[in-house]
Amino acid sequence: MTNQLGEQYELKRKLINNSAEVLERMLKFAKDYKPSKEDVEEPLNTTTTTSSGLEGKIITSDDYWTIQNVNYQGEIQNVDLSKKISILRNFNDMIEKIKKTKADDFITVSMRDTYSLFKAVYESKDKSKEEIRSFLKKKMKDSQLNTTTTIQYNKQSIFFSSRNVDEIIHNYNLPNVDNIPQKFIGPNEFVKDSNEIDLYGNLLGSKDVNEINTVFNWITGKDLKMLRLNYKGIFGILKIVSLVSSNDYSILNCNGDYSNKSNVSLLVRLSVEGKK
């Protein structure tokens with residue numbers, strides 16, 4: 001072979017024509033090869049993940065389930081769900097009870113944290129999720145489950161004044177209360193058909209109405225319907241947010257009577273390591 005000037009190339013390495021010799025060299029290399037530390041160790045994972053991208057393992061104990069990677073109180077945390085519901089209490093007594101609890105006590109939580117828990121269970125690939133689903137389905141059918149979330153219906157419903165907009169109040173009258181201005185009055189509706197995505201984002205922590213309906217349908221086998229005050233003429237009425245299941249649909253009740261009526265609730269806490 002010659003270059004463009006007609007001079008013969010200098011061959012830099014001896015050609016190996018014997019295929020058997022090539023194979024022998026490859027086998028010897030494989031036998032003698034010792035991987036370096038850099039070859040063995042995997043690089044550190046620096047990818048940022050959300051709760052939906054984390055493994056939702058469920059650990060079953062005698063008295064509760066531990067659900068991992070729940071978006072609870074604004075952070076991704078492991079949460080315990082009690083296998084027992086609370087005793088009957090009116091809303092004010094329930095709030096006062098929460099104020100006196102210790103860190104490892106089970107408590108009633110907001111509607112936003114309740115939905116985050118439901119979603120984490122739904123998304124889990126752990127077989128124990130079916131036990132939790134059956135528990136939630138029965139409790140929603142048998143009882144009205146209160147949360148610590150309330151809706152303050154204000155004068156805005158008449159005058160549409162930004163000064164007096166309705167409010168979603170998570171953790172009502174508790175140290176971690178969260179007041180969110182949100183026009184709320186309107187017709188009862190099936191959540192999957194709603195275009196009020198900001199309302200559901202503020203109430204449940206998700207603007208995806210199809211996702212919300214799918215989660216509740218998985219629990220109860222029924223679509224989710226929201227009930228609320230739907231007429232004008234409201235002056236400072238406070239309503240409790242609760243969950244229940246009727247014969248026809250699951251109910252997100254945002255029109256619960258703020259009175260001496262007693263209801264039960266689900267009981268939740270941050271996971272207690274080592275407690276069985």
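Go through 102/141; 129/222; 129/207; 97/207 and tell me which ones have a Cα-Cα distance over 28 Å in this structure.
Listed pairs above 28 Å: 102/141; 97/207.
Working out 0.36 nm times the residue gap between residue 105 and residue 261, then minus their Cα-Cα distance, what length gain in nm do you get to one decimal?
53.8 nm
Rounded to two decimals, what is the ratio between the C-alpha radius of gyration of region 225-268 and 2.2 N^0.38 Å?
Against the empirical 2.2 N^0.38 Å value, I get 1.31 for region 225-268.
Simple spin-label model, 7 Å along Cα-to-Cβ: residue 97 to residue 247 in nm?
Once both label points are built, they end up 3.1 nm from each other.
Cross-link list 57/119; 119/139; 83/239: which exceed 22 angstrom alpha carbon to alpha carbon?
83/239
Once fully extended, how much extra length lies between residue 138 and residue 210, figured as 0.36 nm per residue of separation less the alpha-carbon to alpha-carbon distance?
23.6 nm
Regarding region 51-270, what's the average projected area of the Cα-atom convex hull, expressed in nm²?
Across all orientations, region 51-270 yields a mean hull projection of 11.6 nm².
Every number here is computed from the coordinates shown, using simple stated rules; none is lab data. What you are looking at is a predicted structure, and each value in this text was computed from that prediction instead of being measured. Here Cβ is always computed from backbone atoms with ideal geometry, including for glycine, and neighbour counts include all displayed protein chains.
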